[in-house]
Amino acid sequence: MLSGLQSGESFLADFGLFFAAGSLLRACPYLRKPLPTLSSLVIGYALIRIDQTNLGLAFVVPSLTIAIGVRSWAGLRNISKVGDLSYGIYRYAWPVQQIGVARWGRETPYLELLSITVPVTVALAAASWHLIEKKALRFKPGRPFGNSAPGRARVVSEADLH
């Protein structure tokens, strides 16, 4: 059922529909309340059952993503100890997904492709955070370098970069 997500000529249009649905949820906060979310899930399920998979998933995936994403999860509260992977995930997800589709084809089942691309994306995001982003934050305006007082600049030496 989900493998149909990647077939057909409307591949990009389908993902544009997901983006539009997510944008609508962002623009209209009342649609993120429990009753509209439940309604969206029911409509999406009904569409999937009548072989309108892509349209149904456009109702289900954004609604579930937002509903799950805004909740506080006990196991994830201290995840920042691992590092801030959000930008890396944002940065690397699309290229990794595209490489996956190019490598294994559009007919690869959605969940199979997802099970490959998510770990690769998270690994790249972690490497990016620890090797580049965390170090680069020292150059962010308004952040003190080393022992300098806030707002005072100091010359950055080669040692500061390592």
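Nothing in this text is a laboratory measurement; each read-out follows from the coordinates by a stated rule. Just so it is clear, the structure is predicted and the values come from calculations on it, not from any experiment. Ideal geometry is used to build each Cβ from the backbone, glycine not excepted, and the neighbour counts take in all protein chains shown.
One table, with the values for the structure above:
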| item | result |
| --- | --- |
| Gain on full stretching of the segment that runs from L24 to T108 - 0.36 nm per residue minus C-alpha separation | 27.3 nm |
| Cβ-based net charge around L25, under 12 Å, with every Lys or Arg adding one and every Asp or Glu removing one | +3 |
| Overall form of the range 31-96 per C-alpha gyration tensor (a/c, 1.5; a/b vs b/c) | oblate |
| Gain upon complete extension [I132, V118; 0.36 nm per residue less C-alpha separation] | 3.0 nm |
| Inverse of mean 1/r across different Cα pairs in the range 14-61, Kirkwood, Å | 10.7 |
| Highest average packing first - 36-44, 132-140, Cβ atoms within 10 Å | 36-44, 132-140 |
